[in-house]
Amino acid sequence: MISEAEYHEANEREAQCLRDNGFTGVIYHSDGTSEYDARSDISHEKEMSLVKECSVKTGGLDVSIWYNILNANPDNVDWPSAQRDCLVKAGVLEPGTTVEEMNRWYDEKGKGSDSRAAYVCSEDALGKLGLE
């Protein structure tokens, strides 16, 4: 288990690394997303490289992934089925859609696959994280 305090501590280490590397406007949101001001003084590739380096070096990436997995699915239910059920409940997929059909829908970027509902269902299919 990863506590909320450990999760926030990992986010702060990562944020400090980003600030140390010239980033400003670093914010971590409760839904697990983050943002920062783009750097115009370096290439996009260098910017992405620094972000990834901070995430890996500080452990933020691993802590964030496991924190969200453990909190989103504490009972270890079948995630693909839960995700499909969430998408059906949200009205994005038709009732009776199989997990295989859902996967094809995502792979083929079907209508609504880039919607907020699709994001929420992929990250919080059981509603444990409070994403909306």
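The stretch 1-38 to the stretch 58-132: how many Å between their Cα centroids? Taking the Cα centre of the stretch 58-132 as reference, the centre of the stretch 1-38 is 23 Å away. Per residue, the solvent-accessible area of the stretch 1-51 (1.4 Å probe, heavy atoms of protein chains only, all protein chains present) comes to 64 Å². A straight Cα-to-Cα reach below 30 Å connects Lys128 with the lysines Lys52, Lys57, Lys89, Lys109, Lys111, residues fewer than 8 places away in its own chain not being considered. Only helices enter this figure: runs of n ≥ 4 DSSP H residues, each worth -39500 (n - 2.57), summed and divided by the residues of the chain, yield -17000 deg cm²/dmol at 222 nm to the nearest 500.
Considering only trypsin sites (Lys or Arg not before Pro) in DSSP loops that have at most 11 other Cβ atoms within 10 Å, the longest stretch of the chain without any of them is 1-108. With K and R counted +1 and D and E -1, the other residues having a Cβ less than 14 Å from that of Thr24 yield a net charge of -3. Using the 1.4 Å probe convention, the accessible area of the stretch 64-132 works out to 64 Å² per residue with neighbouring protein chains retained. In loop segments of the stretch 29-126 as defined by DSSP, the GluC sites (Glu not before Pro) with at most 16 further C-beta atoms inside 10 Å of their C-beta are Glu108.
What a 1.4 Å probe finds exposed on the chain is 50% carbon and sulfur by accessible area, rounded to a whole percent. Taking Cα atoms only, the orientation of helix 60-72 departs from the longest principal axis of the chain by about 30 degrees.
The values are calculated or read from the model by the stated rules, or taken from the named source; none is laboratory data. Because the structure is predicted, anything quoted here is derived from the model rather than measured. When we count neighbours, we look across all protein chains shown, and the Cβ atoms used for this are built from the backbone with ideal geometry, even at glycine. These area figures cover heavy atoms from the full protein model, side chains too; ligands, DNA and RNA do not enter into them. Shrake-Rupley method; radii C 1.70, N 1.55, O 1.52, S 1.80 Å.
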